[in-house]
């Protein structure tokens, strides 16, 4: 997380809402040879105190000694900001972004919870596709479903801290910030630049 407190004023509930809206992040725990990473969809509990996910059994994290301290880093829109866009002197290049870190204890859950987890995960994502008929596990044959279940492991991150960085030029004057907003979508480095511009504009209000 960026150390400047001006970028870290977002309240925990807004950071959790952002993480829930993304529902995808980079899970990391410490391993014997350094950090281990896995890119995972997850389902955040309504109270924001846990996140459920699953990994293929062959994933090094799934095979690690758990429980262990872990973090899910959720990346939002981000993009390069040229100092020329500000219209003032003595500026340097930077990168604007939104990121939320969910930290806590990662544990393996009983295999019997896998069907319920998959049902909840698929429903969470399928509802965004309405009016398409919702995909459900009963569309799979029993043999195919059983084979898939044997290949994956349910896990839960018990969240004890939520940190967010919303680096959107809040450390600059309003006119300078507006100038950057007007140009940020011209960039070719980053992701979701239109959304980034929207967030920068919202932070200005």
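Please treat every number below as a calculation from the coordinates, not as lab data. Worth saying up front: this structure is predicted, and the values here are computed from it rather than measured. In this analysis, Cβ positions are derived from the backbone assuming ideal geometry, glycine residues included, and neighbour counts consider all displayed protein chains.
Would you mind ranking 195, 127 by Cβ crowding within 10 Å, fewest neighbours first? Working shown, then result.
On the way: 195 15, 127 10.
The order, fewest Cβ neighbours first, is 127, 195.
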Angle between the Cα long axis of helix 174-183 and the longest principal axis of the chain, 0 to 90 degrees, nearest 10? 60 degrees
Compute a Gaussian network model of the chain, connecting alpha carbons closer than 10 Å, and tell me which residue from 49, 132, 172 fluctuates the most. 132
Tilt, helix 193-204 to longest principal axis of the chain (alpha-carbon atoms), in degrees rounded to tens, equals 60 degrees
Nearest 10, in degrees from 0 to 90: the angle of helix 142-151 to the longest Cα principal axis of the chain is 60 degrees
Counting pairs of alpha carbon atoms under 8 Å apart in space and at least six apart in sequence, what relative contact order in percent does the chain give? 28 percent
Express as a percent, rounded to the nearest 5, the fraction of DSSP beta bridges in the chain (both residues included) that run antiparallel. 100 percent
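Can you give the calculated 222 nm mean residue ellipticity of the chain, where each DSSP H run of n ≥ 4 adds -39,500 (n - 2.57) and the sum is split over every residue, rounded to the nearest 500 deg cm²/dmol?
-8500 deg cm²/dmol
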Starting with the fewest neighbours, write out 108, 10 ranked by other beta-carbon atoms found within 10 Å of each beta-carbon. 108, 10
Connecting every pair of Cα atoms under 10 Å apart in the chain and solving the GNM, the largest mean-square fluctuation among 111, 25, 70 falls on 111
Over segment 1-78, relative contact order from alpha-carbon pairs under 8 Å, at least 6 apart, %: 30 percent
